[in-house]
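Before any comments, here is the structure.
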Amino acid sequence: MTLRPAMLLAALALAGCTAADGGRAVAAPTPVKLGPDSPKKIVATVAMPGPGEAREPARERGWQLVWSDEFEGTAVDRTKWDFDRDCWGGGNNERQCYTDRTANAAVGGGLLTITARKERFTGPAQPAQLRPASGAVEKVTKDFTSARMVTRGKASWTYGRIEMRAKLPAGQGTWPAFWMLPEDKTYGPWAASGEIDILEAVNLGVPCASCPGSRENTILGTLHFGGQWPANAFNSTETKAVDVLDGFHTFGVVWAPGRIDWTYDGRVYATKRRGEWWSAASNSPDAPFDRAFHLILNLAVGGGLSEERGVTGVDETIWPQTMQVDWVRVWQCRPDGASGQSCQGDR
């Protein structure tokens, strides 16, 4: 989500789905080693695999649950989550102010509900990390509010299987996201220390002539890396999830040394390996994705990626819109003593 370029440009690298332990491979392209002279914007489009066509990590032995939020209480658990509170727009010209109000993020009935509302709101013009250490804080007023929840400072992980079961919003200008940022800027400011976008979707349900069912149903998984903006790069995969608006679905990644898989309802649809990302600050082939990252959940309104796709702009008539989350879970691979198909997968 951070400082996402306004338009995604199709480029030369493909990221495919690879079956584990005998399953049929949908695609297994040879990774193209990238570096500072490589294309800065790489986007692949892949088909969503069917049953038996790709790795299914949940069926593998050795996964140990290390963190979860089942949203079973009556309020957001502040021991697990914090809130970003600003009207910055994420560097994407998004139209919302993020708040910590229950009007924008509430827990009840076993669900977290993040609600984007059309309402005037005034708040800090910059996120906390960009504000001056002293003096007056610049304020700005925007026409929408929403919530951005983070585990920063409370929970972070290096490697694991990270999943969210959620029901996504629909309409032009909606931009739900489930993603990760580094806990520490080991390799430098964004995007030098990396970003892992587990799930992004924009404008779901709007008319789309090229989409199955003639409605927008694209989901994206993306890595941001390279150098500090504007010397950054990204490598993204898109796929059509035909039933994405039909209730709850599970979105996730399996992140291991030198490899990241993206999953939809338990099946891998995209894979990126070392050599398909790079770091301006390290010669390690796994950098920057070899450090601890924390989780982020948010629902943005508008912004470059959303407003330049679909029927363009923001539909002013569809609000409020919600992203409902059933649970968020993190497992780590502890394969010692495991038999059969292992969570270590195919490296």
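The values are calculated or read from the model by the stated rules, or taken from the named source; none is laboratory data. Model, not experiment: these values are computed from the prediction. With ideal geometry, Cβ positions are generated from the backbone for all residues, glycine too; neighbour counts draw on all protein chains shown.
List of remarks:
- Val253 falls short of the stated requirement of being of a type in the set (Val, Ile, Thr), buried (at least 18 other Cβ atoms within 10 Å of the Cβ), assigned to a loop (DSSP other than H, G, I, E, B) and within 16 Å of the chain's Cα centre (by Cα).
- Any hit, the stretch 263-270, residues being acidic (Asp, Glu) and closer than 24 Å to Asn232 by Cβ: no
- Filtered residues of the stretch 218-231 (kept if crowded, with 21+ Cβ neighbours inside 10 Å and in contact with a Gly (Cβ under 8 Å, 6 or more places away or on another chain)): Leu223, His224, Phe225
- Residue match in the stretch 65-78 (condition: assigned to a loop (DSSP other than H, G, I, E, B), of a type in the set (Ser, Thr, Tyr) and surrounded by fewer than 19 Cβ atoms within 10 Å (Cβ to Cβ)): yes
- Those residues of the stretch 280-310 which are crowded, with 24+ Cβ neighbours inside 10 Å and among the polar types (S, T, N, Q), in sequence order: Asn298, Ser306
- Within the stretch 46-64, if we keep just the residues that are out of contact with any Phe, Trp or Tyr (no Cβ under 7 Å at 6 or more places or on another chain) and surrounded by fewer than 15 Cβ atoms within 10 Å (Cβ to Cβ), the residue that is nearest to Val254 (Cα to Cα) turns out to be Arg59.
- Top-ranked residue in the stretch 130-151 [being in contact (Cβ under 8 Å) with a residue 40 or more places away in the chain and not in a strand (DSSP E or B); ranked as nearest to Trp319 (Cα to Cα)]: Ala147
- The stretch 282-295 residues that are assigned to a loop (DSSP other than H, G, I, E, B) and modelled with pLDDT of 95 or more, paired with ones that are among the charged types (D, E, K, R) and surrounded by 15 or more Cβ atoms within 10 Å (Cβ to Cβ) (beta carbon under 8 Å, 6 or more apart): Ser284/Asp290; Pro285/Arg274; Asp286/Arg274; Arg291/Glu183; Ala292/Glu183
- Among the residues of the stretch 101-119, those identified as among the charged types (D, E, K, R) and either in contact with a strand residue (DSSP E or B) (Cβ under 6 Å, 6 or more places away or on another chain) or surrounded by 19 or more Cβ atoms within 10 Å (Cβ to Cβ) (or both) are Arg117, Lys118, Glu119.
- Test: Ala136 is under 30 Å from Cys333 (Cβ atoms) and of a type in the set (Gly, Ala, Ser): no
- Set Gly302, Gly258, Gly275: member being within 17 Å of Thr174 (Cα to Cα) and either of a type outside the set (Phe, Trp, Tyr) or in contact (Cβ under 8 Å) with a residue 60 or more places away in the chain (or both): Gly302
- Any pair with Cβ under 7 angstrom, 6 or more apart, that starts in the stretch 152-171 at a residue that is more than 23 Å from Thr322 (Cβ to Cβ) and ends at one that is of a type in the set (Lys, Arg) and in a loop (DSSP other than H, G, I, E, B): Lys154/Lys80; Ala155/Lys80; Thr158/Arg291
- The set of residues from the stretch 192-216 being touching a Cys at 6+ places or on another chain (Cβ under 8 Å) and either closer than 19 Å to Ile42 by Cβ or surrounded by fewer than 24 Cβ atoms within 10 Å (Cβ to Cβ) (or both) comprises Ser214, Arg215.
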